[in-house]
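Q: First, the structure itself, so that you have it in front of you.
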Amino acid sequence: MNYFDGMLKEISEIIKINSEEGVPETGAPFGKGPRAALDAFLKLAKDFGFETHDIDGYAGEVIFGEGEEFAILAHLDVVPAGSGWTHEPYGGEIDYQARRIWGRGTMDDKGPAVITLFAMKALKDEGFKPARKIKLIVGCNEESGWGCIEYYKKHAHMPDEGISPDANFPVIYAEKGIMQLKLKFAAEGDWTSLKGGERPNMVCDYCEAEYAENKKALKDLGLEYSGGKVISRGKSAHGSTPEAGVNAIPPVLKYLGLNSVHDSLFALKGELEKLKDESGGLSFSPDVISGGKNFVEIVCDVRYPATMTRDKVLDIVKASGISYQTMHEQLPLFNDKNGRLIKTLCSVYNEVTGAKLSPIAIGGGTYARALKYGAAFGPEEDGEENTIHQPNEYITFEKIEKCFKIYKLAIERLTAI
């Protein structure tokens, strides 16, 4: 079997399925798109000769081998495409000239999920018999709540140890804690229809409000005016790396004269971002805004250092006097750098690539947190362009080939004994 050509084809095909979260239906708890992506993935795995299980549309699993269980956790849902694309977000375009596949989910996380399945297929074709039961678990709600994992844990058995191909190489030993806070501010003015942002974990790339036209302010703040609305355009990015994006919310707050809201919000940001440890500094991103008569609500994505507690963060929020509500949270993950899982994964990456890197910490939250001993493992690498949660997301041919080799060897090393 030509695994590379097969991976190109199957990544392209699954990217063509728009698996943004949709309206729940019978058998499709997260909408038709995630359901269709799950069906396509399980069919491919079954065609490869693997045992598959559909966990009521919430998740699926692919089984290889027997014995103590080992998990590979990936997801098939995607964040909304957003704006600013020059390639069709769900076109699955294979660009042979640029040597890449374009589309939402190519890197996060459909591409890595398909590559991992092909790595299992290659091992199976070679006659490899794992000493552990490998469970490739694919969820359908990672980007907007983890309801897939909660359901899976209640209706199937989650292994204790495993990996998630949904972050960075060489291997992640720590993940920051995550909190999404809804902040509420008192605000007065004659603006209406204030709204912006699509998801709490995506930097807001579009914000608008109905308000009077002020040409000088529009020019000074870099805003547009159309149909009685002031419009701000930014650049989306992952909520864990807000510095990679351009947030569309602050200019609109200034234009509307909501200076007290703006100043209170960014004073809180400044205080929170003083928190740091070996996993890095706290990040704070105001990503979704809405407003009505006398109020503004802003949902903020907070990633706090892995060795700190949620209470330390909330004490600062309380001290600000801003009314808040915790919408979603995940506790940090912190692994022993010298444990077998982390050391094996790091050595595999270095062996395949010739690098001499050490385990790292990230602000992103991965399925690794669903395991007692879990580690996120690729596909991103330091120094390359990051298009995850951004327009024109893509995966290169080189990345596909490299990940295939790395995941194949890692699975073999971790399940041979």
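The values are calculated or read from the model by the stated rules, or taken from the named source; none is laboratory data. Bear in mind the structure is a predicted one, so any value in this text is a computation, not a measurement. Reconstructed Cβ throughout: ideal geometry from the backbone, glycine too, with neighbour counts over all protein chains shown.
Q: Are there any pairs, at least 6 apart or on different chains, whose C-beta atoms fall under 9 Å, with the first in the range 336-352 and in the same structural domain as PRO170 (by TED's automatic domain parsing) and the second surrounded by 18 or more Cβ atoms within 10 Å (Cβ to Cβ) and among the polar types (S, T, N, Q), and if so, which?
A: LEU341/ASN335; ILE342/ASN335
Q: Suppose we filter the range 244-263 for residues that are free of Cβ contacts under 8 Å to residues at least 40 places away in the same chain and closer than 18 Å to GLY363 by Cα; how many remain?
A: 0
Q: Could you name every one of the strands (runs of 3 or more DSSP E) located completely within the range 139-195 that has at least 3 residues being touching a Phe, Trp or Tyr at 6+ places or on another chain (Cβ under 6 Å)? Walk me through how you get there before you give the answer.
A: Numbers: elements: 161-164, 172-175, 177-186.
Fully inside the range 139-195 and qualifying: 161-164, 177-186.
Q: Something else about it: Please state which of the following conditions PHE266 fails to meet, knowing it meets all the rest: (1) part of a helix (DSSP H, G or I); (2) in contact (Cβ under 8 Å) with a residue 40 or more places away in the chain.
A: (2) is the only condition that PHE266 fails.
Q: Here is a check on your reading of the model: is LEU258 more than 28 Å from THR192 (Cβ to Cβ) and in the same structural domain as ALA187 (by TED's automatic domain parsing)? If you could, list the steps in order and put the result at the bottom.
A: Working: more than 28 Å from THR192 (Cβ to Cβ): no; in the same structural domain as ALA187 (by TED's automatic domain parsing): yes.
Taking the combined requirement at face value, the residue does not satisfy it.
Q: Do we have any residue at all in the range 67-79 that's farther than 14 Å from ILE388 by Cβ, out of contact with any Asp or Glu (no Cβ under 9 Å at 6 or more places or on another chain), crowded, with 19+ Cβ neighbours inside 10 Å and not basic (Lys, Arg)?
A: yes
Q: State all residues of the range 273-323 that are among the hydrophobic types (A, V, I, L, M, F, W, C), out of contact with any Pro (no Cβ under 8 Å at 6 or more places or on another chain) and buried (at least 20 other Cβ atoms within 10 Å of the Cβ); if no residue qualifies, say none.
A: Matches in the range 273-323: ILE289, VAL296, VAL302, VAL313, VAL317.
Q: Evaluate the range 231-240: report whether one residue or more is of a type in the set (Lys, Arg), farther than 22 Å from GLU21 by Cβ, touching a residue at least 12 places away in the same chain (Cβ under 8 Å) and touching a His at 6+ places or on another chain (Cβ under 8 Å). Spell out the reasoning first.
A: Going through the range 231-240, the residues of a type in the set (Lys, Arg) turn out to be 233, 235.
Those left that are additionally farther than 22 Å from GLU21 by Cβ: 233, 235.
Remaining after also requiring touching a residue at least 12 places away in the same chain (Cβ under 8 Å): 233, 235.
Next cut, touching a His at 6+ places or on another chain (Cβ under 8 Å) only: none.
So far as the range 231-240 goes, no, none of its residues is of a type in the set (Lys, Arg), farther than 22 Å from GLU21 by Cβ, touching a residue at least 12 places away in the same chain (Cβ under 8 Å) and touching a His at 6+ places or on another chain (Cβ under 8 Å).
Q: For the list (1) at pLDDT 95 or above; (2) crowded, with 24+ Cβ neighbours inside 10 Å, I need the number of the one condition that GLU93 fails.
A: The single condition GLU93 does not satisfy is (2).
Matching residues to (1) aliphatic (A, V, I, L, M); (2) crowded, with 18+ Cβ neighbours inside 10 Å:
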site	(1), (2)
ARG100	no, yes
LEU117	yes, yes
ASP125	no, no
VAL138	yes, yes
TRP146	no, yes
HIS155	no, no
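Q: Take the conditions without any contact (Cβ under 8 Å) to a residue 40 or more places away in the chain and not acidic (Asp, Glu) and apply them to LYS154. Does it pass?
A: Numbers: without any contact (Cβ under 8 Å) to a residue 40 or more places away in the chain: yes; not acidic (Asp, Glu): yes.
Yes, satisfied.
Q: Same structure again: Among the residues of the range 44-53, write down those that are of a type outside the set (S, T, N, Q) and either crowded, with 17+ Cβ neighbours inside 10 Å or touching an Asp or Glu at 6+ places or on another chain (Cβ under 8 Å) (or both).
A: Hits for the range 44-53 are LEU44, ALA45, PHE48, PHE50, HIS53.
Q: Quick one: which of VAL317, VAL299, VAL313 is assigned to a strand (DSSP E or B) and in the same structural domain as LEU194 (by TED's automatic domain parsing)?
A: Values: VAL317 fails: assigned to a strand (DSSP E or B); VAL313 fails: assigned to a strand (DSSP E or B).
Result of the check over VAL317, VAL299, VAL313: VAL299.
Q: Given (1) in contact with a Leu (Cβ under 9 Å, 6 or more places away or on another chain); (2) under 30 Å from PHE4 (Cα atoms), where does GLY127 come up short, assuming only one miss?
A: Checking GLY127 against (1) in contact with a Leu (Cβ under 9 Å, 6 or more places away or on another chain); (2) under 30 Å from PHE4 (Cα atoms), the one that fails is (1).
Q: If only one of PHE4, PHE41, PHE30 is within 27 Å of TYR96 (Cα to Cα), buried (at least 16 other Cβ atoms within 10 Å of the Cβ) and at pLDDT 95 or above, which one is it? Talk me through it step by step, then tell me what you get.
A: Numbers: PHE4 fails: buried (at least 16 other Cβ atoms within 10 Å of the Cβ); PHE30 fails: within 27 Å of TYR96 (Cα to Cα).
When all the criteria are applied, what remains is PHE41.
Q: Can ALA119 be described as part of a loop (DSSP other than H, G, I, E, B), more than 17 Å from the chain's Cα centre (by Cα), closer than 21 Å to ALA45 by Cα and not acidic (Asp, Glu)? Walk me through it before giving the result.
A: Numbers: part of a loop (DSSP other than H, G, I, E, B): no; more than 17 Å from the chain's Cα centre (by Cα): yes; closer than 21 Å to ALA45 by Cα: yes; not acidic (Asp, Glu): yes.
In short, no.
Q: Where residues in the range 122-142 are within 30 Å of the chain's Cα centre (by Cα) and hydrophobic (A, V, I, L, M, F, W, C), which of them is farthest from GLU69 (Cα to Cα)? Steps first, please.
A: Kept after step one, since they are within 30 Å of the chain's Cα centre (by Cα), are these residues of the range 122-142: 122-124, 130, 132-142.
Narrowing further to those that are hydrophobic (A, V, I, L, M, F, W, C): 122-123, 134, 136-138, 140.
On the way: ALA122: 20, LEU123: 17, ILE134: 6, LEU136: 10, ILE137: 12, VAL138: 16, CYS140: 21 Å.
Once the filter is applied, the top-ranked residue is CYS140.
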